[in-house]
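Asks: Before anything else, here's the structure in question.
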Amino acid sequence: MNPGNHLQKMVLAALMAALTAAGAYMVLPIGPVPIVLQSLFVLLSGLLLGSRWGAASMGVYLLAGLLGLPVFAGGGGGLAKFLGPTGGYLVGFILAAFIIGLVAEHSRGKIWLNLLGLVAGSLVIYLCGVTWLKVVLGVSLAKALALGMFPFLPGDAAKIVAALALGRTLAPLVEEQGNPARPWSTEPSEGDA
């Protein structure tokens with residue numbers, strides 16, 4: 001691998017980790033459940049960076065939080081956030097970025113495939129998050145879904161639409177930097193040849 005290309009990918013992954021941290025502080029007070037933009041950047045990391053680098057960017061983000069930096073929603077950090085009610089969602093970020101990136105790497109410009117990847121990634125975040133929320137709070141699955149998923153679905157649908165639009169706009173810039181995902185290109189990606 002070209003060392004310059006590797007460095008560019010590392011910088012982009014670090015940038016997405018930083019944007020995810022910034023997104024944790026960006027709150028849109030819409031309705032009874034405010035929308036935090038943190039997961040928008042999770043979606044974009046997979047869409048723009050691909051499976052490996054998208055997951056790596058979320059790994060960097062989670063490591064920063066685990067080390068106590070205030071990068072999580074509400075300005076929190078540390079091991080307690082992973083062991084608390086939101087820990088499953090945080091772990092789901094890595095899996096979501098990987099799955100979204102995997103789909104993006106093979107989408108060949110098909111918007112519906114990128115949309116499918118974004119929906120699948122969001123569902124993975126919910127799967128991890130709601131499961132952990134149920135365990136930590138000791139509530140039924142129905143209660144965990146009512147607390148940790150249903151109120152957030154409209155906001156996440158809006159974030160998926162925003163990620164599609166931003167991804168289409170930003171992808172040409174990221175592709176110039178050696179992006180493996182190429183979610184809007186009709187040419188085969190590196191792994192397709």
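The values are calculated or read from the model by the stated rules, or taken from the named source; none is laboratory data. Just so we're clear, the structure is a prediction, and the values are computed from it rather than from any experiment. Cβ placement follows ideal geometry from the backbone for every residue including glycine, while neighbour counts extend to all protein chains displayed. Ligands, DNA and RNA are excluded from the accessible area calculation, which covers all protein heavy atoms including side chains. Shrake-Rupley method; radii C 1.70, N 1.55, O 1.52, S 1.80 Å.
Asks: With an 8 Å Cα cut-off and a minimum separation of 6 or more residues, compute the relative contact order for the chain in percent. Walk me through the intermediate numbers first.
Replies: Values: 352 pairs, mean separation 47.4, N = 193.
It comes to 25 percent, rounded to a whole number.
Asks: Let me ask something additional. Just report the Cα centroid separation between the stretch 22-74 and the stretch 87-129, whole Å.
Replies: Cα centres, the stretch 22-74 to the stretch 87-129: 13 Å.
Asks: Quick one: grab the alpha carbon gyration tensor of the stretch 80-164, order the square roots of its eigenvalues as a ≥ b ≥ c, and give me rounded if a/c is under 1.5, else prolate or oblate depending on whether a/b is larger than b/c.
Replies: Prolate is the answer for the stretch 80-164, as a/c is 1.5 or above and a/b outweighs b/c.
Asks: Highest GNM mean-square fluctuation, the chain, Cα pairs closer than 10 Å: which of GLY74, GLY129, GLY148?
Replies: Sorting by GNM fluctuation, first place goes to GLY74.
Asks: Would you please give the FRET efficiency between VAL136 and LEU69, computed as 1/(1 + (r/R0)^6) with r the Cβ-Cβ distance and R0 = 22 Å, to the nearest 0.05?
Replies: Once rounded, the FRET efficiency stands at 0.45.
Asks: Evaluate Rg over Rh across the chain, taking Cα atoms for both radii and Kirkwood's formula for Rh. Show your work: numbers first, answer last.
Replies: Values: Rg = 16.3 Å, Rh = 16.6 Å.
With Rh from the inverse mean 1/r over Cα pairs, Rg/Rh is 0.98.
Asks: Continuing with the same structure: Could you work out the helix-only [θ] at 222 nm for the chain, with each DSSP H run of four or more residues adding -39,500 (n - 2.57) and the total divided by the number of residues, to the nearest 500 deg cm²/dmol? Display every interim value, and only then the final one.
Replies: On the way: 7 runs with 132 residues, N = 193.
Using -39500 (n - 2.57) per qualifying helix, the result is -23500 deg cm²/dmol.
Asks: Can I ask one more? Would you mind calculating the gained length between ILE111 and LYS143 on full extension (0.36 nm times residue separation, minus the Cα-Cα distance), in nm to one decimal? Could the numbers behind the result be given before it?
Replies: Details: separation 32, 0.36 × 32 = 11.52 nm, distance 3.43 nm.
Extra length from ILE111 to LYS143 when fully extended: 8.1 nm.
Asks: What accessible area per residue, rounded to a whole number of Å², is obtained for the stretch 22-151 using a probe radius of 1.4 Å?
Replies: Numbers: 5870 Å² over 130 residues.
I get 45 Å² per residue for the stretch 22-151.
Asks: Using 0.36 nm per residue, how much length does the chain from ALA162 to MET10 gain when fully extended, once their Cα-Cα distance is taken away?
Replies: 52.3 nm
Asks: Related question: Could you tell me what percent of the accessible area of the chain is made up of carbon and sulfur, with a 1.4 Å probe and every protein chain present? If you can, show how the numbers build up before the last one.
Replies: Numbers: 6960 of 9340 Å².
Ligands and nucleic acids excluded, carbon and sulfur give 75 percent.
Asks: To continue, here is another question. Report the label-to-label distance for LEU79 and ALA18 in nanometres (one decimal), using points 7 Å from each Cα along the Cα→Cβ vector.
Replies: In this crude spin-label approximation the distance works out to 3.0 nm.
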